[in-house]
Amino acid sequence: MGITIKLFASLREQFAQDELAIITTPSTVQAAWACISPLSPPANILAAVNHEYVPFDHPLRDGDEVAFFPPVTGG
């Protein structure tokens, strides 16, 4: 089953995609990031699993939806 990775804002532009399907389930959010980039995630990137903010060492399960996005600012 695997996981779904969603990218938002500048990450969507950087990767030229807004959603990716990963067939095998990575063990953590950090490992999910490694599936899409050989570089470590920038320190300000936020992650959510199934619509809840989580740290990058959060474990993943089959079928999870992982979202990565930069912090949002407004005014």
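No lab work stands behind these numbers, since they all come straight from the coordinates. All values derive from a computational prediction rather than experimental measurement. Don't worry about glycine lacking a Cβ; one is built from the backbone with ideal geometry, like all the others, and counts go over all protein chains shown.
Quick notes
- Being in contact with a His (Cβ under 8 Å, 6 or more places away or on another chain) and over 15 Å from M1 (Cβ atoms) is a property that A34 lacks.
- Answer residue from the stretch 30-70, given it is aliphatic (A, V, I, L, M) and assigned to a strand (DSSP E or B) and is surrounded by the fewest Cβ atoms within 10 Å (Cβ to Cβ) among those: L46
- Hits in the stretch 54-65 - residues which are under 13 Å from P41 (Cβ atoms) and touching a Lys or Arg at 6+ places or on another chain (Cβ under 7 Å): none
- Subset of the stretch 11-29 (residues that are out of contact with any Asp or Glu (no Cβ under 8 Å at 6 or more places or on another chain) and not in a strand (DSSP E or B)): L11, E13, Q14, F15, A16, Q17, D18, I23, T24, P26, S27
- First in the stretch 4-17 and without any contact (Cβ under 8 Å) to a residue 60 or more places away in the chain, second anywhere and not aromatic (F, W, Y) and not in a helix (DSSP H, G or I), Cβ under 7 Å, 6 or more apart: L11/P70; R12/D18; F15/L7; Q17/L7
- Checking each residue in the stretch 47-75 for being under 17 Å from L20 (Cα atoms) and either among the hydrophobic types (A, V, I, L, M, F, W, C) or out of contact with any strand residue (DSSP E or B) (no Cβ under 6 Å at 6 or more places or on another chain) (or both) picks out A47, A48, V49, H51, L60, R61, D62, G63, V66, A67, F68, F69.
- Residue selected from the stretch 12-29 under the condition surrounded by 15 or more Cβ atoms within 10 Å (Cβ to Cβ) and of a type outside the set (A, V, I, L, M, F, W, C), by the criterion nearest to Y53 (Cα to Cα): T28
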